[in-house]
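Trainee: Take this structure first; my questions come after.
The values are calculated or read from the model by the stated rules, or taken from the named source; none is laboratory data. Everything numeric here is computed off the predicted structure, so don't read it as measured data. Cβ: placed from backbone, ideal geometry, glycine included. Neighbour counts: every protein chain shown.
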Amino acid sequence: MTSLLTNASAITALQNLNATNRSMQTTQDRISTGMRVANAADNAAYWSIATTMRSDNAALSTVRDALGMGSATVDVASAALKTTADLTTQIKSKLVAAREPGIDRAKVQAEIKQLQDQMKSVAESSTFSGQNWLSVDSGAADYNATKSVVASFTRSGTDVSIGTIDVDTSAVALYDADATGEGIIDKLRTVNTTTDIQVSELDISDLTDSTEDQTTLDDYISAVDGALTDVTTAASDLGAVKTRISMQTDFVSNLMDAVTKGVGQLVDADMNQESTRLQALQVQQQLGVQSLSIANQSSQQILSLFKG
């Protein structure tokens, strides 16, 4: 049936052209944004997953920064421990030299005093971002021997957790201002016949060549050697922590890259595919316009039926 009121061919052609235009608009949006899922309307599930993963990746970036801060803090403490080990070695050498009969021990003590003061200065200046692990006060109300470096961000379903790398600073502290503290350098040591030896305070200026004083001097040497062993152990412990932080930093960086790739797989547009699709839609659009034009002209043909 041919009707003047209803042009079925034109309606069909218009519907097809509109569908082609919508597809072209979608393809153009993907090409301009580079994304096939730019908002929830494109694909609610993928958009939700991608948004959560992007948020987690931002948290991982913060974790990486925290690891960098922790690594720097460990580096500062490690450098100070190395210097302290060198200074302790020098003190031990001075004490060995003082073991020689007839030596002016007051002058040797003057040198030792300078080394003791330098060790104190090194410990007190070993601060990074307001943290000092080597000069502490265990009696302070806010004191906590365990220092935590944020190391990971983990999601399990709807639950998230923060992982840390913990460092027991009580094992590496050189000085403790508390009376009952156990700093490596200022703690009381007992060696053989001599008690309450503090490497930070030992004084040989009054020692003589008597057998008793020589024994005391030997005990001082042993105490300093013990302190050197403790400093070396502390430096080794921090070295292990530094290695772990470095490994965790590398892992977090790789994890961030993997998450970024995963998000890309979900929401990024395949530009080769979209460009090919755009060319095809442009041809379909041209054909759709031509088809609609032909359908609209069919009504004009009815007029020929009424010509005499």
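Trainee: Looking at the structure I just gave you, is Ala234 of a type in the set (Gly, Ala, Ser), under 30 Å from Met69 (Cβ atoms) and either in contact with a Cys (Cβ under 7 Å, 6 or more places away or on another chain) or assigned to a helix (DSSP H, G or I) (or both)? Talk me through it step by step, then tell me what you get.
Mentor: On the way: of a type in the set (Gly, Ala, Ser): yes; under 30 Å from Met69 (Cβ atoms): yes; either in contact with a Cys (Cβ under 7 Å, 6 or more places away or on another chain) or assigned to a helix (DSSP H, G or I) (or both): yes.
For Ala234, the condition - of a type in the set (Gly, Ala, Ser), under 30 Å from Met69 (Cβ atoms) and either in contact with a Cys (Cβ under 7 Å, 6 or more places away or on another chain) or assigned to a helix (DSSP H, G or I) (or both) - is met.
Trainee: Among the listed residues Ala10, Ala40, identify the single one that is crowded, with 18+ Cβ neighbours inside 10 Å and farther than 25 Å from Met247 by Cβ.
Mentor: Ala10
Trainee: I would also like to ask the following. Do we have any residue at all in segment 127-136 that's among the small types (Gly, Ala, Ser) and not in a strand (DSSP E or B)?
Mentor: Checked against the condition, which is being among the small types (Gly, Ala, Ser) and not in a strand (DSSP E or B), segment 127-136 yields at least one hit.
Trainee: May I ask you to say which residue of Ile185, Ile162, Ile245 is at pLDDT 90 or above and either more than 36 Å from the chain's Cα centre (by Cα) or over 30 Å from Lys120 (Cα atoms) (or both)?
Mentor: Ile162
Trainee: May I ask you to list the residues in segment 251-305 that are at pLDDT below 80 and aliphatic (A, V, I, L, M)?
Mentor: Selection gives Leu292, Ile294, Ala295, Ile302, Leu303, Leu305.
Trainee: Here's something else I'd like to know. Looking at segment 165-205, which of its residues are surrounded by fewer than 13 Cβ atoms within 10 Å (Cβ to Cβ) and touching a residue at least 60 places away in the same chain (Cβ under 8 Å)?
Mentor: Once the filter is applied, which keeps residues that are surrounded by fewer than 13 Cβ atoms within 10 Å (Cβ to Cβ) and touching a residue at least 60 places away in the same chain (Cβ under 8 Å), segment 165-205 yields only Glu201.
Trainee: I would also like to ask the following. From the list Asp56, Asp65, which residue is charged (D, E, K, R), assigned to a helix (DSSP H, G or I) and in contact with a strand residue (DSSP E or B) (Cβ under 8 Å, 6 or more places away or on another chain)?
Mentor: Asp56
Trainee: When only residues in segment 253-292 that are free of Cβ contacts under 8 Å to residues at least 24 places away in the same chain and charged (D, E, K, R) count, which is farthest from Gly68 (Cα to Cα)?
Mentor: Top of the filtered list is Lys261.
Trainee: Can you pull out the residues in segment 42-80 that are over 24 Å from the mean Cα position of the chain (by Cα) and either at pLDDT 95 or above or aromatic (Phe, Trp, Tyr) (or both)?
Mentor: Those that are over 24 Å from the mean Cα position of the chain (by Cα) and either at pLDDT 95 or above or aromatic (Phe, Trp, Tyr) (or both): Tyr46, Trp47.
Trainee: Between Ser156, Ser152, which is of a type in the set (Ser, Thr, Tyr), within 31 Å of the chain's Cα centre (by Cα), modelled with pLDDT under 95 and more than 20 Å from Met69 (Cα to Cα)?
Mentor: Answer to the check: Ser156.
Trainee: Just to be sure I understand the filter: pairs with C-beta atoms under 6 Å, separated by 6 or more residues or on different chains, first member in segment 91-104 and within 15 Å of Asp206 (Cα to Cα), second member assigned to a loop (DSSP other than H, G, I, E, B) and not aromatic (Phe, Trp, Tyr). Which pairs pass?
Mentor: Final answer for the pair search is Ala98/Ile204; Pro101/Asp209.
Trainee: Do you know which of the residues in segment 1-37 that are assigned to a loop (DSSP other than H, G, I, E, B) and at pLDDT 85 or above is nearest to Ala269 (Cα to Cα)?
Mentor: Filtering segment 1-37 for residues assigned to a loop (DSSP other than H, G, I, E, B) gives 1-7, 34, 36-37.
Next, from what is left, pick out any that are at pLDDT 85 or above: 36-37.
Values: Arg36: 5, Val37: 8 Å.
Taking the candidates together, the pick is Arg36.
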